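Working notes, structure below.
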Amino acid sequence: MRRSNLQPLFIVLVAILCAAVAHAQLSPEYADWADGPAGFLLTKKEQKQWDKISTDAEAENFIELFWARRNPNPDTSFNTFKAEFDAKVRYAEENFSYSGHSGATTDRAKVLILMGRPEGVQNKGPDQAVQGLGSGAGGTDQVRGNSQVWFYNPQELPEGFNVKGSQLYFLFYEDKIGSNAFNLDRSARESFMGLAAMADAPEVYLLHPDMKEVPKPVSIQGGHKAPAEHLAWLGQDAPFNETARVLAELGVNDGVSRPLWVYIELPPDAPTVEFFTGQVLSADGDILSNFEIDTTPLNGQYGKAYDLSFPLEPGAYTVEVVGGAAAAPVVTEKIAIEVEEVTEDGTWMSPLWLGLSASPNEKAKLGEPYNFGGWHLVPVTGPDFTRENEIVFFGFVVRPALNDAGSVDLKAKIRVKKDGQSMGRPLIMPVDASQVFGDLYMYGSSIGLSGLPETGSYEFDFEVTEKTSDASTEVSIPVDVSD
């Protein structure tokens, strides 16, 4: 009997020893990867596979496939799931670290990574009762140290979680008052449903379990591999090359990465573009990816318009696109772009984007062209307006300095000039900001043109300032107003 009891323990010890020997051959870049925040996402099967990894090449292939299997759009080079994961890790490092311990591997980080941002958080100090959990929470309703309760609505969890009930709870207790070392209470009866859901999370996020190799990427989300006959149109003269209005600018994706946003507006006599085809080239001219995507026109300022988003890593690129209809090219464009990341320190204000209109799109995803937290902007491409128009402006702010109420203080200053002279005092107004995710916030507002004293040519200067940090961004445009 004694021998049989020891046998399972012996097998476990051998397995741990084998894994340790295998990982001892890995470089520091890979040896501790599974012990970091990504390890929270490993399924049991993947953990066993990782334990057998013995070379850096195997580790690199495993990690690439690990993220590709969780990419909602594995054919694209940009992984929205990975971007959201990285944003959660940055938030955890900045807010959950303590005494030299990485915030990204704490209990709170694990819940954030696996369950997402909580719907609500209840903070309690020493000897304050924890409300809303009933008498069974940890055996008492009195907290000797600081505590936090995170609340989740099961209906708002990612698709794949099969959770019943109206609310999930996670209760954290601080080891020592003021230490910021919060441990998850796994004994609270009301937390059991949340803990069960969190245990299922790694399987929920594994969207492509049967994927055996990382797909070759296409350039943009929702696209597919481009046919050779359409790629042959790139660089050719097309009938509307000279009259197309084209914007190519770095957008905002997740508070760090900046996709290339392309907006193409054609004159009223242009045919409707049925699809866009293109390719992305490196600074050395190597083809990195290509794409083709069906498209639906927008109502632009002057005619039918189309927008595209290219998720690119930092670096220099050339992007070539062609819009086609009726088996012929309509417009071609070649764009050279230097992609930069958002700065890592302090408050960062994005450029201001101006438009004639913005419409809600609740299904929009991070990084989609001219998407601002669920609002889609149709950009301004020229100076022509009527007095019935308004100018809409949107932007992002990263890592804003929150006020005492926990909100972002933004103000907009709009100065109107005519013939180079300011027309009275500038208009100053508060602007509301909404959290998109983590440290990324968006804002938007508008100004009508009906109050101008007369038609004619003006210049509008827009400036938005985050008042606590004094970070600001500005843009000026000419405005020709007619009745």
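The values are calculated or read from the model by the stated rules, or taken from the named source; none is laboratory data. Predicted, not measured: the structure shown is a model, and the values here were computed from it. Neighbour counts run over all protein chains shown; Cβ positions are idealised from the backbone, glycine included. All accessible areas refer to the heavy atoms of the entire protein, side chains included, with ligands and DNA or RNA removed. Shrake-Rupley method; radii C 1.70, N 1.55, O 1.52, S 1.80 Å.
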Practice prompt. Output the residue which, of all residues in the range 433-447 that are of a type outside the set (A, V, I, L, M, F, W, C) and either at pLDDT 95 or above or part of a strand (DSSP E or B) (or both), is farthest from Gly373 (Cα to Cα).
Written response: Ser446
Worksheet item: Quick one: how many residues across the range 309-344 are within 17 Å of Pro227 (Cα to Cα) and not in a strand (DSSP E or B)?
Response: 2
Discussion item. Out of the strands (runs of 3 or more DSSP E) lying entirely within the range 227-308, which hold 2 or more residues that are closer than 28 Å to Gly382 by Cα, open to solvent by 20 Å² or more (accessible area, probe 1.4 Å) and not aromatic (Phe, Trp, Tyr)?
Written reply: 245-250, 287-294
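Give me the residue from the range 30-74 that is hydrophobic (A, V, I, L, M, F, W, C) and farther than 18 Å from His208 by Cβ and, out of that set, farthest from the chain's Cα centre (by Cα). Give the steps one after another, and end with the answer.
Of all residues in the range 30-74, those hydrophobic (A, V, I, L, M, F, W, C) come to 31, 33-34, 38, 40-42, 50, 53, 57, 59, 62-63, 65-68.
Next cut, farther than 18 Å from His208 by Cβ only: 31, 33-34, 40, 53, 57, 59.
Working: Ala31: 28, Trp33: 23, Ala34: 24, Phe40: 20, Ile53: 31, Ala57: 29, Ala59: 26 Å.
That would be Ile53.
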Worksheet item: Mind checking which residues of the range 207-226 are within 29 Å of Ile113 (Cβ to Cβ) and open to solvent by 80 Å² or more (accessible area, probe 1.4 Å)?
Response: Leu207, Asp210, Lys212, Glu213, Lys216
Worksheet entry | Test set (1) in contact with an Asp or Glu (Cβ under 9 Å, 6 or more places away or on another chain); (2) assigned to a loop (DSSP other than H, G, I, E, B); (3) of a type in the set (Lys, Arg) - Lys363 fails condition number | (1)
Discussion item. Return the residues of the range 367-407 that are aliphatic (A, V, I, L, M), in contact (Cβ under 8 Å) with a residue 60 or more places away in the chain and either open to solvent by 40 Å² or more (accessible area, probe 1.4 Å) or in a loop (DSSP other than H, G, I, E, B) (or both); say none if nothing qualifies.
Written reply: Val380, Ala401, Leu402
Practice prompt. Just give me the residues in the range 32-50 being modelled with pLDDT of 95 or more, acidic (Asp, Glu) and surrounded by fewer than 17 Cβ atoms within 10 Å (Cβ to Cβ), in sequence order.
Written response: Asp35
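Quick grid of which residues meet (1) modelled with pLDDT of 90 or more; (2) on the phi < 0 side of the Ramachandran plot:
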site: Leu114; (1), (2): yes, yes
site: Val121; (1), (2): yes, yes
site: Asp127; (1), (2): no, no
site: Gly134; (1), (2): no, no
site: Trp150; (1), (2): yes, yes
site: Asn153; (1), (2): yes, yes
site: Asn162; (1), (2): no, yes
Worksheet item: In the range 293-321, which residue that is of a type in the set (Asp, Glu) and at pLDDT 95 or above is nearest to Gly251 (Cα to Cα)?
Response: Asp307
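Each row is one residue, and each column tells you yes or no for (1) among the aliphatic types (A, V, I, L, M); (2) at positive phi.
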{"site": "Asp419", "(1), (2)": "no, yes"}
{"site": "Arg425", "(1), (2)": "no, no"}
{"site": "Phe460", "(1), (2)": "no, no"}
{"site": "Thr465", "(1), (2)": "no, no"}
{"site": "Ser472", "(1), (2)": "no, no"}
{"site": "Pro478", "(1), (2)": "no, no"}
{"site": "Val481", "(1), (2)": "yes, no"}
Worksheet entry | Residue that is surrounded by the most Cβ atoms within 10 Å (Cβ to Cβ) [pool: residues in the range 309-352 that are farther than 24 Å from Pro271 by Cβ and polar (S, T, N, Q)] | Ser350
Worksheet, complete the sentence: For the range 109-127, pairs from a residue that is in contact (Cβ under 8 Å) with a residue 40 or more places away in the chain to a residue that is of a type in the set (A, V, I, L, M, F, W, C) and open to solvent by 60 Å² or more (accessible area, probe 1.4 Å), with Cβ under 7 Å and 6 or more apart or across chains, are Pro126/Ile177
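Considering only residues of the range 434-445 that are farther than 22 Å from Ala92 by Cα and not aromatic (Phe, Trp, Tyr), which is farthest from the chain's Cα centre (by Cα)? Please lay out each step first, then the result.
Restricting attention to the range 434-445, the residues satisfying the condition of being farther than 22 Å from Ala92 by Cα are 443-445.
When the remaining residues are screened for being not aromatic (Phe, Trp, Tyr), the result is 444-445.
Working: Gly444: 18, Ser445: 22 Å.
Per the criteria, the residue is Ser445.
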Worksheet entry | Close pairs (7 angstrom Cβ cut-off, 6 or more residues apart or separate chains): at negative phi in the range 280-303, part of a strand (DSSP E or B) and of a type in the set (Lys, Arg) anywhere | Pro297/Lys304; Tyr302/Arg245
Worksheet entry | Top-ranked residue of the range 104-117 - restricted to ones that are in a loop (DSSP other than H, G, I, E, B) and closer than 15 Å to Ala201 by Cα, ranked as least open to solvent (accessible area, probe 1.4 Å) | Gly116
Worksheet item: Take the residues of the range 51-82 that are of a type in the set (Phe, Trp, Tyr) and modelled with pLDDT of 95 or more: which is surrounded by the most Cβ atoms within 10 Å (Cβ to Cβ)?
Response: Phe66
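On the basis of being closer than 26 Å to Asn79 by Cβ, in contact with a Gly (Cβ under 6 Å, 6 or more places away or on another chain) and open to solvent by less than 60 Å² (accessible area, probe 1.4 Å), does Val204 make the cut?
On the way: closer than 26 Å to Asn79 by Cβ: yes; in contact with a Gly (Cβ under 6 Å, 6 or more places away or on another chain): yes; open to solvent by less than 60 Å² (accessible area, probe 1.4 Å): yes.
For Val204, the condition - closer than 26 Å to Asn79 by Cβ, in contact with a Gly (Cβ under 6 Å, 6 or more places away or on another chain) and open to solvent by less than 60 Å² (accessible area, probe 1.4 Å) - is met.
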Discussion item. Go through the range 50-94 and report how many residues are of a type in the set (D, E, K, R) and assigned to a loop (DSSP other than H, G, I, E, B).
Written reply: 4
